[in-house]
1. Fewest Cβ neighbours within 10 Å first, please rank Trp125, Trp54 accordingly.
2. Relative to the Cα centre, what is the charge dipole magnitude of the range 1-72, using +1 at the beta carbon of each Lys and Arg, -1 at the beta carbon of each Asp and Glu, and rounding to the nearest 20 debye?
3. Could you give the length gained on full extension between Asp126 and Arg180, defined as 0.36 nm per residue of separation minus the Cα-Cα distance, in nm?
4. Within 10 Å, count the other beta carbons around each residue, average over each peptide in 71-80, 25-34, and list them highest first.
5. On a 0 to 90° scale, report how tilted helix 81-96 is relative to the longest principal axis of the chain, with both axes built from alpha carbons and the result rounded to the nearest 10.
6. Thr78 to Arg42: extension gain in nm, 0.36 nm per residue of separation minus the Cα-Cα distance?
7. To the nearest 20 debye, what is the magnitude of the charge dipole of the chain about its Cα centre, counting +1 on the Cβ of each Lys and Arg and -1 on the Cβ of each Asp and Glu?
8. Of Thr148, Tyr124, Ala89, which is farthest towards the positive pole of the chain's charge dipole, taken about the Cα centre with +1 and -1 on the beta-carbons of Lys, Arg and Asp, Glu respectively?
Amino acid sequence: MDVRRRPGGRSARVRAAVIEATNQLLLEQGLTGLTVCEVARRAQVNETSIYRRWGTRENLIIDALLADAAEQLPVPDTGSLRDDLIAYATALARYLTSPGGNALDRALASAGDDPATRRLRDQYWDARYAQSGQIAERAIKRGELPGTTEPRFVLEMLVAPLHFRIVLTREPLEPDLPTRIVDALLRGLVTAAEPRNRDGNRP
């Protein structure tokens, strides 16, 4: 994705207005209902300015979603895998139970499977996992996880129960749920890393 940006001044204000308008419209209309024309009207900028800066509607949506995620879901670095995972899962649970986070999560889940939407969804999740995967990557370097660990898989296992409850079962996210998920995940990772004999059993 080639998103051209100009630092500072009016350019920064325009970008902020467009990103805010895009996220507002995503909440109101979902992925498929959003149009660049309406974003331009809401942000009070020329539609051509948006295309000049972002190139495509999909690039604009990805940039807006990632900007929101970066603000709401910073990647923690406490020096401890368990603490990092709990902090990230807690922030995600808080975000998903907010009106904006809840609506965006459901919009992403319910979006169609046309090529443009699939590409948008893939780009969004690839970028999100590249960011959050730093938690597992740092843990591997510290020796807390085996070198064969797949960072994205670790984060998928962490966030999946939260998204499952928000999108499918609509169950509440209890305050201790992030900690319970993390402890169960870490027990599984430790068990998976234990040596096995030729029959696949632990000695």
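1. Trp125, Trp54
2. Its charge dipole is roughly 460 debye.
3. Taking 0.36 nm per residue and subtracting the Cα distance, the gain is 16.9 nm.
4. With the highest mean Cβ count within 10 Å placed first, the list reads 25-34, 71-80.
5. The answer is roughly 40 degrees.
6. 9.0 nm
7. It comes to approximately 560 debye.
8. Working it through, the farthest residue towards the positive pole turns out to be Tyr124.
Just so you know, all these numbers are worked out from the coordinates, no wet-lab data involved. Given the structure is predicted, the values throughout are model-derived calculations rather than measurements. All Cβ positions, even for glycine, are placed from backbone atoms using ideal geometry, and neighbour counts span all protein chains on display.
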